[in-house]
Amino acid sequence: MPTVERFEDLVVWQEAREIVKVVYRLTSKFPRKELYGLADQIQKAAVSTMSNIAEGFESGTNKQFTSFLYTAKGSNGEVRSQTYVALDLDYISQVECGDLVKRCDTLSRRIYNFIEYLKDAPFDGPRFRESGPVWYVNEPET
């Protein structure tokens, strides 16, 4: 079981970061009229996914972390839904949509599996450890 000492070590955070990059790349091609509309909304949802994973990790308890992971999962679903809007408005191609939806689906499953792991973890989180903040996580499922 690998040891994770920083949120940057989490596969779910790394994948969320990749989704943010994809979203910003795709939204840079949206029409100017969407700068404060759909582009802004999907960017915020993608960043929220990544940020909630980090914030939850830093919270120090499994219960709090799980709550933040549920929020991250919800934001990830928002990205997925807004991707279809972008497709329907012809702002992105079917291939771009498929790629981003697939990434979001994979991340959603991994976040869910991580939540289930934390619910059954034999410890309450790093806040309760004498040696400092260390999380133990299962290898990610694909």
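The values are calculated or read from the model by the stated rules, or taken from the named source; none is laboratory data. In this text, all values refer to a predicted model and were calculated from it rather than measured experimentally. Heads up, the Cβs are rebuilt from the backbone with ideal geometry, glycines too, and the neighbour counts pull from every protein chain shown.
What the table shows:
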{"read-out": "Filtered residues of the stretch 114-142 (kept if assigned to a helix (DSSP H, G or I) and either modelled with pLDDT under 70 or surrounded by 14 or more Cβ atoms within 10 Å (Cβ to Cβ) (or both))", "value": "Phe114, Ile115, Tyr117, Leu118, Pro126, Arg127, Phe128"}
{"read-out": "Options Leu69, Leu100: the member that is buried (at least 20 other Cβ atoms within 10 Å of the Cβ) and under 9 Å from the mean Cα position of the chain (by Cα)", "value": "Leu69"}
{"read-out": "Top-ranked residue in the stretch 74-118 [being among the polar types (S, T, N, Q) and in contact with a Leu (Cβ under 6 Å, 6 or more places away or on another chain); ranked as farthest from Met50 (Cα to Cα)]", "value": "Thr83"}
{"read-out": "Residue match in the stretch 25-46 (condition: within 30 Å of Asp120 (Cβ to Cβ) and touching a residue at least 12 places away in the same chain (Cβ under 8 Å))", "value": "yes"}
{"read-out": "Qualifying residues in the stretch 1-19 (those that are surrounded by fewer than 19 Cβ atoms within 10 Å (Cβ to Cβ) and β-branched (Val, Ile, Thr)) - the one nearest to Gln43 (Cα to Cα)", "value": "Val11"}
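Okay, residues lined up against (1) free of Cβ contacts under 8 Å to residues at least 60 places away in the same chain; (2) out of contact with any Gly (no Cβ under 9 Å at 6 or more places or on another chain); (3) more than 18 Å from Leu118 (Cα to Cα):
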residue: Thr3; (1), (2), (3): no, yes, no
residue: Leu10; (1), (2), (3): no, yes, no
residue: Gly56; (1), (2), (3): yes, yes, no
residue: Leu69; (1), (2), (3): yes, no, no
